[in-house]
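The values are calculated or read from the model by the stated rules, or taken from the named source; none is laboratory data. This is a predicted model, so every value here is computed, not measured. Cβ: placed from backbone, ideal geometry, glycine included. Neighbour counts: every protein chain shown.
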Amino acid sequence: MTWPAAPQPQGRPSRLVAFDQLSLRTRVGVLAALVAALAVVLVSAAAFVTVRVNIMQTLDANLLQRATSAAQSELGEPEVLATIPTEVLGAGDIRLALLLANGPAISAEGAASAPPLGEDELEVARGRESSSTRTATEGGVPYRVVAVQAGPGQALVIAQRLDATQQVLTKLGVAMPVVGGLGVVVAAIAGVAVARAGLRPVDRLTAATERVTATGDLRPIPVEGSDELARLTASFNEMLGALAASQEQQRRLVADAGHELRTPLTSMRTNLELLAAASKPGARDLPESERAEILEDVQAQVAELSTLVGDLVELAREDAPMVVHEPVELTDVVMRALERARRRAGDVEFDPILVPWTLTGDATALERAVLNLLDNAAKWSPPGGRVRVQMRPLDDWWVVLEVADAGPGIADEDLPFVFERFYRAASSRTMPGSGLGLAIVRQVAVRHGGAVWAGRAPEGGALLAMRLPGRRLSA
């Protein structure tokens, strides 16, 4: 049974697909060999043509000079000179003849020693051309034939065999491809060697990627040099560092979330088991007040779990890159957060001191961060207390939003950690909350290019500040 051939991708020849399947080193070597071969062909062809033209020009110039010298020779008239064997003149490698415009050619040994004659030479003898040069073959032997005027109605013709010249050109034509072929082989080997050396950092990156995939090991790769591949390795190391930090952050988040969830879940399970045990036949009935207290405790634990899960989801969303980039009026954001905070703050009062300010970012995330600051201040304020909410421009490009309360404040040892996830000071562990609200504030500020810090307020309580970029709006 024969299987049908796999279809080739449309628009791509099968030879290119096969070439893409080669390793990068092999492709570099092949490309280097092809480039070297093209260069060798072009250089060899240019060199051969140049050498051939120069040799023929030199030969023509030499023959024309000899013919002119012979026509003006002091040995006698051209008719006499043509009858003297060329060996006597010291030029045994040539044939010489005197061609008459209206008669036969005169040579030392007749037709046997006469050079190849043709229409070009007759044109010179008739005076229509001053000289002529051509290649002719006689008896299978190539000759280079030149003719010059040797008086009225006659031309002196000299021919020289081209055997030696053609042998030189033949050897040159053979030597150039051989040397070029060796050059192509050397170029291919050099290309593979250069590719092997140049791709060594890529091999390390590949090995590191495979190691990360197989083991999850995020150790950085040693960087050598300062070229593009070294910068690629450095960038890859930065990516590994970011992955390691993200992995550690996720691990801490899961561990902290599990720790925070364990307490309300354990308490809820205990209460539910107690209610279930009291509902069994023969069990002691719980007093109505205890049952109501247990149910109220369960409801509080469910609300606590809901708040914790909501904060975890919000914090996970804040960890994602910011995708909303729109002009935001920070004053409007603070006012909306104040309205929401007043509805659930009881008798706590808020004193806003706001200035017009705009920035680019996510209005929803900013409102959530401001609301968390306000809720935190309201939670720690005494009954009937007042919370100062003030926007204070640092310059034309930065503003600080301060939220200050009159509560007990934050201990000095807790100040560096209040914006950490799940951090709860010793004095606040009995208070409601997930320990994630201020962490969300920090995430929002960082995403918008800002920062957060905590300190003591002039009112005596805590001062929480968030710095944001933007610009002041004209009144």
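Quick check, is VAL400 at pLDDT 85 or above and within 17 Å of GLY437 (Cβ to Cβ)?
Details: at pLDDT 85 or above: yes; within 17 Å of GLY437 (Cβ to Cβ): no.
So VAL400 fails the test.
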Residue among THR135, THR165, THR170 that is in contact (Cβ under 8 Å) with a residue 40 or more places away in the chain and of a type in the set (S, T, N, Q): THR165
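Yes or no, residue by residue, for (1) closer than 16 Å to LEU463 by Cα; (2) without any contact (Cβ under 8 Å) to a residue 24 or more places away in the chain; (3) within 41 Å of the chain's Cα centre (by Cα); (4) surrounded by fewer than 16 Cβ atoms within 10 Å (Cβ to Cβ):
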site	(1), (2), (3), (4)
LEU330	no, no, yes, no
VAL334	no, no, no, no
ASP347	no, no, no, yes
THR360	no, no, yes, yes
LEU371	yes, no, no, no
ALA377	yes, no, no, no
PRO393	no, no, no, yes
GLU402	yes, no, no, no
Considering residues of segment 253-309 that are among the acidic types (Asp, Glu) and surrounded by 14 or more Cβ atoms within 10 Å (Cβ to Cβ) only, the residue modelled with the highest pLDDT: ASP297
Exclusive hit being in a helix (DSSP H, G or I), within 30 Å of ALA439 (Cα to Cα), acidic (Asp, Glu) and out of contact with any Pro (no Cβ under 7 Å at 6 or more places or on another chain), set ASP297, ASP217, ASP203: ASP297
Any hit, segment 450-462, residues being out of contact with any Leu (no Cβ under 9 Å at 6 or more places or on another chain), surrounded by 17 or more Cβ atoms within 10 Å (Cβ to Cβ) and modelled with pLDDT under 85: yes
Exclusive hit being in a helix (DSSP H, G or I) and either assigned by TED's automatic domain parsing to the domain that holds GLY455 or in contact with a strand residue (DSSP E or B) (Cβ under 6 Å, 6 or more places away or on another chain) (or both), set GLU367, GLU402: GLU367
Search result, residues across segment 334-355 that are in contact with a Gly (Cβ under 9 Å, 6 or more places away or on another chain) and in a strand (DSSP E or B): GLU349
Hits in segment 25-54 - residues which are at pLDDT 80 or above and of a type in the set (Lys, Arg): ARG52
